[in-house]
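The values are calculated or read from the model by the stated rules, or taken from the named source; none is laboratory data. For clarity, every value in this text was computed on a predicted model and none was experimentally measured. For neighbour counting, all protein chains shown are included, and Cβ atoms are generated from backbone atoms with ideal geometry for every residue, glycine included. These area figures cover heavy atoms from the full protein model, side chains too; ligands, DNA and RNA do not enter into them. Shrake-Rupley method; radii C 1.70, N 1.55, O 1.52, S 1.80 Å.
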Amino acid sequence: SKDKHFEYKNAKFLIAFGPLGAYQKEHEYLAKILNLNYINLGFDTRGLKIATPDEVQRRIYPSFKKALEYINDDKVALITTSKEVIPMFGEALNKVDMIKISGTGITYDQVKQFEESLPSTLVIPSYGHFAAKSSIGFLNNSKITYYPSFPATNFFVVDDNGKIVPYGKEGKIKMVIAQPSVLLIKEDDIAERAKPNEVFGVDGVSNPHR
């Protein structure tokens, strides 16, 4: 929600701190667009949600340690991560220009809290499946509304009979991921159907949750 513009002539780094696979490919491409050096600090997320805290620490700590070294050297323009990891980095994230955070459970209030605690940093909420391109979130009227990276990903919000619900009404998200290497239809989350905005010409979803 902050109005900021960044232009990089002297290359800094984009750190993709998250799942392996398509997530890394997406951010490698984004680094090229932004004229940033790409660093893959991905880790295996399979079963991570049900893993013990010790197992989570064991898996992510090597990547976290490397990311923190780059951040403390003031070399990071953009880092991608989940909302749960942000407290691990602490105030060091004020040295980063942008943070792209992901996770179904992100709320409007949480994003505003991150913005207040990191006044020098642009906080960008994102949503989606790890096999798809990220959907970028916009903060408006105490909601986060996400728009898909159409045509690679598209959202349909449907009722129990599979019919698309009216705008502003809640239903099940049918996320269609259609890429050369993968075709998935996911129906895990609930959200409100949102109208297209001035940037995206397709429907969005507001406040997704499970």
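List the residue pairs whose Cβ atoms are under 9 Å apart, where the first residue sits in segment 162-188 and is without any contact (Cβ under 8 Å) to a residue 24 or more places away in the chain, the second is in a strand (DSSP E or B) and of a type in the set (D, E), and the two are 6 or more positions apart or on different chains.
The qualifying pairs are E170/E192; G171/E192.
Considering only segment 135-151, state which residues are open to solvent by less than 60 Å² (accessible area, probe 1.4 Å), within 17 Å of I190 (Cβ to Cβ) and part of a strand (DSSP E or B).
S135, G137, I144, T145, Y146 - these are the residues of segment 135-151 that are open to solvent by less than 60 Å² (accessible area, probe 1.4 Å), within 17 Å of I190 (Cβ to Cβ) and part of a strand (DSSP E or B).
Considering N154, N207, N161, which residue is farther than 30 Å from K12 by Cβ, open to solvent by 40 Å² or more (accessible area, probe 1.4 Å), among the polar types (S, T, N, Q) and part of a strand (DSSP E or B)?
N207
Looking at S117 and the list (1) free of Cβ contacts under 8 Å to residues at least 60 places away in the same chain; (2) small (G, A, S); (3) exposed (fewer than 15 other Cβ atoms within 10 Å of the Cβ), which single condition is not satisfied?
(3)
Are any residues in segment 69-95 buried (at least 17 other Cβ atoms within 10 Å of the Cβ) and under 10 Å from I15 (Cβ atoms), and if so, which ones?
The answer is Y70, I71, V76, A77, L78, I79, T80, T81.
Is it the case that some residue within segment 39-55 is of a type in the set (D, E, K, R) and assigned to a loop (DSSP other than H, G, I, E, B)?
So far as segment 39-55 goes, yes, one or more of its residues are of a type in the set (D, E, K, R) and assigned to a loop (DSSP other than H, G, I, E, B).
Mind telling me which of the residues S117, S102 ends up being of a type in the set (G, A, S) and within 27 Å of I33 (Cβ to Cβ)?
S102
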